[in-house]
Structure formats: C-alpha cells, structure tokens
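Note sheet for the following structure.
Read-outs throughout are calculated quantities, based only on the coordinates presented, and are distinct from any laboratory measurement. The structure presented is a predicted model; accordingly, all values stated were derived computationally and were not measured. Neighbour counts are summed over all protein chains in view; Cβ atoms, including those assigned to glycine, are modelled from backbone coordinates with ideal geometry.
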Amino acid sequence: MSQPTVTADRVASPRRIASLALPALVVLAAEPLYVLVDTAVVGHLGRIPLAAVAVGGTVMTLTAWLGTVVAYGTTGRAARRFGAGDRAAAVAEGVQASWLAFGVGLLVVVGMQFGGGALAGVLAGGGEVAVAAAEWLRIASFGAPGLLLAAAGNGWLRGVQDTRRPLLFVVGPNLLSAVLCPILVYPLGMGLNGSAVANVIAQTLSGVLFAAALVAERVALRPRPRVIGQQLVLSRDLLIRGVAFQASFLSATAVAARFGAAAVGAHQIAVQLWFFAALVLDALAIAAQALVGAALGADDAPAARALARRIGRLGVLCGAAFAALAAAGTGVVPTWFSSDSAVHGQALLAWPWFVVMLPLAGVVFALDGVLIGAGDIRYLRNLTVAGAFGGFLPAIWLAYAYDLGLGGIWGGLLLFVVIRLVGLLLRLRGGAWAVTGAVRTERTPSGVA
C-alpha cells in the first residue's frame, strides 16, 4: 500500500520537473524570442511595415497553433506508451504525426498563395497595410511544413523524455535566422520581405533536423493512413480548442486594426510579449505532459495527482516573477520595438492588464499541461470554447462598439484567463481526469482504464 506514495514522490520531485522544464523553456522561448527580434527589426522600418507584420504574423500564428495541436497530442500519446515500457510504439506515434504535420504544412502553403491576400485584407481593412501584409504572408507561408514537422518532432521527443535534441534543433536555426533577419532587411535591401525569408530559413532547417532524428531511430517510416486517421480523431478536441483561441486573437487583431495603425502596432508588441510569456510559462506544462502521461501509462495515478499539485504551485511562482518583470518595464519595453510615440502611448493602455493576468496565466498554462498529459482534452476543449465565446469574444466586440480601445481588448483577455482558471481548479479537485493505462479510455466514471 505504501508503494504508490513513494512513486509519486519520485516522479513529482522538483528536480525531475526541472530536468524537463528547463530545456523545454529554452526551446519554447527560442521561436517567440526570434519573433520579438523580428518585430524590433521591422518596427524601425516604420508604422506601416510594423502593422503589416502584425497582421501577417497573426495569420501565421494559426499555423503555430496547428503545430501546438500536433505537438501536444503527440506528447501525451507517446508519453503514455513510453511509461508503459514500449519506446518503439512511442516513436511510431512520432512518425505518423510527422506525416500528418508535413501534409498540413503543404496545405497551408497552397492556401496562403491563393487566399493570403484576401485574409490580410479582411484583417487589415484594406489599404497599404493589407498589401504589405499579403506579400509578407505569401513568402512566410513556405516555412509552414518545417514549422509543423518541428512541432511533431518536439512532441514525440518530449514523450520519450529526450530534451537535448529538441534544444539543438530549435535554438540553432533560430539563432541563425536572428542574425540573417537584420541583414536581409537592411544591408541587402529586402525590407519587410527579408523578415519573411529569415522565418522560412529557420523553420525549414528545424523541420529537416527533426525529420533526420526519426530516420536515425531506424523505425518504419512509411505513412499509415489508419493510424494518421486515429490521430486526427483523437486530436479533434485540441484542434477545436485551438480554433477557439485563433478566433479570439484574430478578432482582437481585427478590432485593434480598426482603431488605427498605431493601435494595431502597439497590439502587436503587447501580443507578441504575451505569446512569449505564454510559451515560456508553458515549459511547466511540457514537463507536466511528459510526466503525467508517463505516470498514468505506468498505472501510477498518485504520481500524476502529486505532480498536478506541485506544478500548479510552481505556475503561480513563475507567473508572479514574469509579472514583476513586466511591471518594471512599463513605459520602457515598448520603445525597444518602435520609435513611434503614438505606438508607445497605445501600448500603455494594454500594459496594466498584461501585468495583472500573468500570475493567473502561470497557473492556467501549468494545469493545462496536466490535463493534456492525462488526455483529458474534451474537458479542456469545452472550457476553452466557453471562455472564448462566453467571455473573450464578446468583450472584444464590445470594446469596438463602445470605442474602448486596447484597454477593452486586453480586459477581455483577462476575463478569458479567469474563466479558464476557475474551470481548471474545479476539474483538478475531482479524480475523473486521472485515467491510467497505455491508452486513455473513458469507460468508467472512476477514471480507471
């Protein structure tokens, strides 16, 4: 009777969490940090290029969210099989996820060549910003296959608790691209399009490195349509959840654009800092996915519950630390990304909301990881949809209707975070999420597979 408690202490130790979270932190920070560098480089070209990359970058964020769906779904499935002692099956999940990712990436490229201009026009409301955003988007979309291959690779490697290779495969290409971006934009005279080319180089190189890692595993690499179909079905809730996020943030950008170029430029700065904070705080969620999935795959529900409690407490601390840094940078950080005083003034409208929500978001992101690792995606889907369509979206459009500006938009984001926090805490109080076994089933209300 004492063994489950001993196992829980081992699996949920702070050292074990850190061994997965810290490398994941670097990997997660690399892409948004590059985007911040890209935003700073483009921001000094002027207000129109900054607004254009805000619109185009928001559209490409949809591809990144598709990557998140692939990575998170793959991590949970691979971790359960790894925890059950079947590493080969865990890697096989990565093979099929990579085929799925590559296929979706090709569809994104085709879609943006034919529909990117219309989408940019809708978001920007026409004019110079829409034209510049459409051109940037058509080029940047060629990085989508590599971006999604890297997401699938991160998923299966995290599932087998390999954190070294993702670190090398993501950080290296992003460092190269961060060097190339200002060179392409300024000395080589490519302007805004130079930033798109730098994106494509980094994402393609990263995808190739992850694909090579699969080849090195010496497993069967042929696509299996039946397994890919199962992954699509099992990932549908993550996809719906991602669509709810994207509907919210696309709407936020569209409303910000209608407040003027300075407002949407300031929104781009704030939202990229938000994405940076979210992905960095997600390092705890990545650790939770791998460890919770492995614990439940090994039939160790007490370990999963102990980990959930510890991860939640760490989420509060990390979010509070981020909030302190953001508060200290009020009025200073926006000047790093634009020399336009109107943009600075607009950024200050969003800043208090940004600071207040960070400690709450730290808990939300951490507990999201617990439920994703447990495969409790249906509940997360319902909670996210309720928060987006019952809180965030109505607040955004009320901000537009009553001319509340960026403060109204970011107040809506805070409401979204609060709704999710309450729902997650209620779910974790029960035990239905902790389903054990190599594959999650929903056959019993007690959560035993």
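Points worth noting:
- Gaussian network model of the chain, springs between alpha carbon atoms under 10 Å - residue of L406, L107, L250 with greatest fluctuation: L107
- Axis angle, to the nearest 10 degrees, between helix 261-297 and the longest C-alpha principal axis of the chain: 10 degrees.
- Tilt relative to the chain, helix 164-185 - C-alpha long axis, 0 to 90 degrees, to 10: 10 degrees
- The chain: most fluctuating residue of R420, R310, R158 per GNM, C-alpha cutoff 10 Å: R310
- For the chain, averaging the sequence separation of C-alpha pairs within contact (under 8 Å, six or more residues apart) and dividing by the residue count gives a relative contact order of 23 percent.
- Between G85, G407, G105, the GNM of the chain built on Cα springs shorter than 10 angstrom shows G85 fluctuating the most.
- Selected from A283, I201, M190, residue furthest toward positive end of dipole (the chain; charges at beta carbon): A283
- Estimated translational diffusion coefficient (Stokes-Einstein, Kirkwood radius over Cα pairs, 4 °C, 1.567 mPa s) of the range 50-128: 89 µm² per second.
- Computed from Cα positions, the angle between helix 405-429 and the longest principal axis of the chain comes to roughly 0 degrees.
- For A21, net neighbour charge (Lys/Arg +1, Asp/Glu -1) across residues whose Cβ lies under 15 Å away: +3
- Our analysis of the range 1-141 gives Rg over Rh at 1.14, with the two radii drawn from alpha carbon positions and Rh computed by the Kirkwood formula.
- Global form of the range 232-360, assessed from the alpha-carbon gyration tensor, a/c cut-off 1.5: oblate
- Taking the average, over residues, of other Cβ atoms within 10 Å as the packing measure, peptides 255-267, 144-156, 112-124 rank 144-156, 255-267, 112-124 from highest down.
- Magnitude of the charge dipole for the chain, about its Cα centre and with charges confined to Cβ atoms of Lys, Arg (+1) and Asp, Glu (-1), is about 1300 debye.
- Converting phi to 3J(HN,Hα) with the Karplus coefficients 6.51, -1.76 and 1.60 and the offset θ = phi - 60°, the range 129-145 yields 4, 5, 5, 5, 5, 5, 5, 4, 5, 4, 6, 4, 5, 5, x, 4, x Hz in sequence order, with x at every glycine or proline.
- Share of Cα-Cα pairs in the chain lying beyond 34 Å, as whole percent: 29 percent
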